[in-house]
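Participant: Dumping the structure here so I can ask a few things about it.
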Amino acid sequence: MTRPHDTARDAAPTAKVLPGELRLAETAASGRHVLALSGEIDIANAALLERRVVELCEQGAREIVLDLRGLSFIDARGLSAALFCKRRCEHEQVSFALVHGSRMVRRLFELSGIGEGLSAPSKSRSS
C-alpha cells in the first residue's frame, strides 16, 4: 500500500516538489512502514512527519523506516523531528531505522552529533 502525505494540495505523487515543500510517500507491508521524504523539512513542516509517526505507532506499526534520500534540505527542526520519531518509536517499542540521504543531509547529522544515535535500531514490539 502506498499512501502519499503531501503538504501540497491535490498534487500528484510524482509531481515535482516545490521549494519549501515536504512530501511523505508511505509504503507499508506486514507492519513495516517506510516513509520516503522528499523536498525540504524545516520548521514550517516538520510536525507533519511527527504526526504521521505518532499515528503509525498508535495504529500498531512494528517498524518505521525514515528514508531521507529524497530530501534536498533539512534544518535543526528537521533533525529534531527525526530524533522525536526515534524516541517515540522507542517509547512504543517499534523498530526504527533511518536511511540517510544526500551528502549534505548526512553531514548535518554528523555535525549535530546525533547521527549515530538515530541510526541504531530500537527494540521491536512483539508480534
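The values are calculated or read from the model by the stated rules, or taken from the named source; none is laboratory data. From a predicted model like this one, the values you see are computed outputs, not experimental measurements. Backbone-built Cβ (ideal geometry, glycine too); neighbour counts: all protein chains shown.
Participant: Output the number of the condition that V94 fails; it satisfies all remaining conditions of (1) among the aliphatic types (A, V, I, L, M); (2) at pLDDT below 95; (3) more than 22 Å from R107 (Cα to Cα); (4) in contact with a helix residue (DSSP H, G or I) (Cβ under 8 Å, 6 or more places away or on another chain).
Facilitator: (2)
Participant: To continue, here is another question. Sort out which residues of the range 41-53 are of a type outside the set (S, T, N, Q) and crowded, with 16+ Cβ neighbours inside 10 Å, and write them in order of number.
Facilitator: Result: I41, D42, A46, L48, L49, R52, V53.
Participant: Of the conditions (1) crowded, with 17+ Cβ neighbours inside 10 Å; (2) in a strand (DSSP E or B); (3) under 11 Å from the mean Cα position of the chain (by Cα), R69 clears all except one; give me its number.
Facilitator: (1)
Participant: Tally time: how many residues in the range 36-64 are in contact with a Lys or Arg (Cβ under 8 Å, 6 or more places away or on another chain) and within 15 Å of V105 (Cβ to Cβ)?
Facilitator: 7
Participant: Here is a follow-up. If the Cβ limit is 9 Å and pairs must be 6+ apart or interchain, which residue in the range 33-52 that is within 13 Å of I74 (Cα to Cα) and assigned to a helix (DSSP H, G or I) pairs with which residue that is at pLDDT 95 or above and among the aromatic types (F, W, Y)?
Facilitator: A46/F84; L49/F84
Participant: Any idea which of (1) outside any loop (DSSP other than H, G, I, E, B); (2) at pLDDT below 95; (3) more than 22 Å from R77 (Cα to Cα); (4) not aliphatic (A, V, I, L, M) is the one R9 doesn't satisfy?
Facilitator: (1)
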